[in-house]
Amino acid sequence: MTTSRLATSLKEVFNTANPIPLQSGDPRYVDCTAVRGNEDAVTLLFNAIHWSDQPATAQLFTGHRGCGKSTELFRLQKRLEDAGYAVIYFGADEAIDVEDVIYSDVLVAIAQQVYRGLRDLGVELDDELLEDVFKWFAEVVYEKANTREFQAELAAEFSLGPKIPLLAQLLAKITGQLRTGVESRQQIRTRLDPQIAHLIERINLLIMRGVGTLRRQGKAGLVIIVDNLDRIPFRKLDTERSNHDALYIEHGEALRSLRCHLVYTVPIASLYSKNVKMLTGLFPDCRVLPMIKTHTPDNRPWPDGLATLRRILAERIELDKVFEESALEMLCAESGGHPRILMTLVRYACEYAAHRDPKPIDVHAVERAISRFASEYSRSVPEEYFPLLAKVYRAKQCDNDAAYRDMLHNLIVLEYMNGLEPWHDVHPSVQRLAKFQAALRALETENDG
């Protein structure tokens, strides 16, 4: 919950800089469209749904982790609801293990969220349909042909918790095992894989019955927003494929086959795959939320972007009472235009601040915060990346290979936008590292020679 009073004490600043997504209507929200490349991602996502004469669309939404996608998706949800749509929003990491996820896990999570979401929307599905879906999952996933006996097992398993319907119990059991049980996860996947067409059929039965009721209630349609899939870590499966490719390309058709409007978040690294044309063939509408531009490609400060970052803090903190001016400028520039990193640096600076009033956060505190953040990068950047990073810094571009995709995923390299043309740069904290500076000097010597 937010208040109108701005933070003035270090404790208040530390807490208000907690980098969590903002709900739609939060007074602390700052529109960053003008310094993100002048594309309003929410409007583009909304129009693709609202203008479509089809009841089902599938879009991707991407950007660096922590750049503000969830905040924008909350705004999209509110805008869709205001336009008459029923919206089911959920974070994938709440339902499944995003550290180890395949497409069937995502579909099961959607099945659970559709059933739960329709109930929350006041949609009552008929008993015959629910019994059919329950029986299918029981037989396929757990090989339980005796439905009544299995229902009794579930009732006993869930007896200590709040009373929930049987199908909700069953789907909660499946997603729970997908999230926490390594052996049971593999067993569930093995049993579901040859039955994917039937799984999609069952989900679509739930969706279509629900949409029918929603339309009779005057709703414009159903939209499912699956957030936080961009948190899936990048892993190579072989020389040509990654786990991202397996999810969104090899099984993209399954993900887009549900009969409602869909928005999936996707790791930004997926746009730098050699198979990106296949990805955009399956999902032509892919929206990107780039960084807030803090500098130009020729390394000159960008006042508009820095002013926007300052405003983000000003909506939470009484700046004149907390920051020395030069310290505030350093924080904004060092964030690289990444809102969550900006908040993290502010919290670190609070810990190192002088306990005096006014302006306890001075240059010394910020320098220590920046050094701490850079040291965290020093432990996470592989040695072999530094020559590549020097090339990114000089060219302001990334290649389409696994190393660069990993750098994008792990915020080592950030993407900015000039109009429709993206460009890249090494995060400022990585630029501070001695190994990066050595690699940059080696590249400059090589080029001069």
TODO: Could you give the spread of the C-alpha atoms of segment 168-281 along their three principal axes, from largest to smallest, in whole angstroms?
DONE: 50, 34, 24
Task: Accessible area of segment 146-251 divided out per residue, in Å², using a probe of 1.4 angstrom - done: 50
- [ ] Would you mind telling me the share, in percent, of accessible area of the chain contributed by carbon and sulfur at probe 1.4 angstrom?
- [x] 49
TODO: Under 14 Å from the Cβ of L129, count the other residues' Cβ atoms, weight Lys and Arg +1, Asp and Glu -1, and hand me the total.
DONE: -3
Open item on the list: List the residues, sorted by chain then number, that are 5 or more residues from Q59 or on another chain and whose placed amide H is less than 5 Å from its amide H.
Closed with: L262, V263, Y264
- [ ] Return the distance in nm (one decimal) between the two label points of a simple spin-label model at E351 and Q187, each offset 7 Å from Cα along Cα→Cβ.
- [x] 4.2
Task: Top of G25, G117, G305 by mean-square fluctuation, Gaussian network on the chain, Cα under 10 Å - done: G25
Task: Area accessible to solvent at M278, 1.4 Å probe radius, in Å² - done: 110
TODO: For segment 285-382, build the convex hull from the C-alpha positions and give me its volume per residue in Å³.
DONE: 130
Open item on the list: For Cα extents along the principal axes in Å, one of [x] 61, 55, 44; [y] 71, 55, 44; [z] 113, 61, 37 was computed from the structure I shared and the rest are decoys. Which label?
Closed with: [y]
Task: Phi to ³J(HN,Hα) by Karplus 6.51 cos²θ - 1.76 cosθ + 1.60 over segment 195-212, Hz, x for Gly, Pro - done: 10, 4, 4, 6, 4, 4, 4, 5, 4, 5, 4, 4, 5, 5, 5, x, 4, x
Open item on the list: Relative contact order for the chain: what percent, with Cα pairs under 8 Å and sequence separation of 6 or more?
Closed with: 24
TODO: Enumerate the calculated ³J(HN,Hα) couplings along segment 130-145 in order (Karplus 6.51 cos²θ - 1.76 cosθ + 1.60, θ = phi - 60°), each rounded to whole Hz, writing x wherever the residue is Gly or Pro.
DONE: 4, 5, 5, 5, 4, 4, 4, 4, 4, 6, 6, 7, 10, 6, 9, 7
TODO: Compute the Cα gyration tensor for segment 129-173, then decide on rounded, prolate or oblate, letting a ≥ b ≥ c be the square roots of its eigenvalues: rounded whenever a/c is under 1.5, prolate when a/b is larger than b/c in the other cases, and oblate in all that remain.
DONE: prolate
Open item on the list: Could you tell me the center-to-center distance, by alpha carbons, between segment 398-438 and segment 262-319 in angstrom?
Closed with: 12
Open item on the list: For W136, project a label point 7 Å along Cα to C-beta. Then give me every residue of segment 96-112 with its amide nitrogen under 18 Å of that point.
Closed with: 103-112
TODO: Taking only Cα atoms and a 10 Å spring cutoff, compute GNM fluctuations for the chain and point out the largest among T16, T265, T239.
DONE: T239
- [ ] Find how much the distance from L121 to A438 grows on full extension, using 0.36 nm per residue of separation minus their present alpha carbon separation; answer in nm with one decimal.
- [x] 108.3 nm
TODO: List every residue whose amide H lies under 5 Å from the amide H of S242, counting only residues 5 or more places away in sequence or on a different chain, with H placed 1.01 Å from N in the peptide plane.
DONE: L237
TODO: Please list the equivalent ellipsoid semi-axes of segment 60-123, computed as the square roots of five times the alpha-carbon gyration tensor eigenvalues, in descending order and whole angstrom.
DONE: 21, 19, 8
- [ ] Any chance you could look up the accessible area of F373 with a 1.4 Å probe, heavy atoms only, rounded to 10 Å²?
- [x] 20
TODO: Could you pull the accessible area for I49 with a 1.4 Å probe, rounded to 10 Å²?
DONE: 0
TODO: Please work out the FRET efficiency for the pair N146 and D401, using the Cβ-Cβ distance as r and a Förster radius of 45 Å; give the result to the nearest 0.05.
DONE: 0.30
Open item on the list: Can you give me the long-range amide H partners of Y85? Hydrogens built in the peptide plane at 1.01 Å from N, cutoff under 5 Å, separation of 5 or more residues or another chain.
Closed with: A220
Open item on the list: For a Förster distance of 56 Å, can you work out the FRET efficiency between the beta-carbons of L129 and R379, rounded to the nearest 0.05?
Closed with: 0.60
Open item on the list: If you restrict to DSSP beta bridges whose two residues both lie in the chain, what percentage is antiparallel, to the nearest 5?
Closed with: 25
Open item on the list: For a quick check, take a GNM of the chain with Cα springs below 10 Å and name the residue from Q112, Q187, Q397 with the largest mean-square fluctuation.
Closed with: Q187
TODO: State whether segment 112-235 is rounded, prolate or oblate according to the following rule on the C-alpha gyration tensor (a ≥ b ≥ c being the square roots of its eigenvalues): a/c under 1.5 gives rounded; otherwise a/b larger than b/c gives prolate, and the remaining case gives oblate.
DONE: oblate
TODO: Provide the per-residue ³J(HN,Hα) series for segment 426-433, in order, calculated from phi with Karplus coefficients 6.51, -1.76, 1.60 and θ = phi - 60°, each as a whole number of Hz, with x at glycine and proline positions.
DONE: 6, 4, x, 5, 6, 4, 6, 5
Open item on the list: Could you give the length gained by full extension between Q195 and K274, i.e. 0.36 nm per residue of separation minus their alpha carbon distance, to one decimal place?
Closed with: 25.5 nm
Task: Stretchable slack from I20 to E315, in nm (0.36 nm times residue separation minus alpha-carbon distance) - done: 104.7 nm
Open item on the list: Given axes a ≥ b ≥ c from the Cα gyration tensor, I'd like to know whether segment 198-345 is rounded (a/c under 1.5), prolate (a/b larger than b/c) or oblate.
Closed with: oblate
- [ ] Set the Förster radius R0 to 60 Å, insert the Cβ-Cβ distance between T239 and K78 as r into 1/(1 + (r/R0)^6), and round the FRET efficiency to 0.05.
- [x] 0.85
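The values are calculated or read from the model by the stated rules, or taken from the named source; none is laboratory data. Being a predicted model, the structure only gives us computed values, none of them experimental. In this analysis, Cβ positions are derived from the backbone assuming ideal geometry, glycine residues included, and neighbour counts consider all displayed protein chains. In case anyone asks, the SASA skips ligands and DNA or RNA and just uses the protein heavy atoms, side chains included. Shrake-Rupley method; radii C 1.70, N 1.55, O 1.52, S 1.80 Å.
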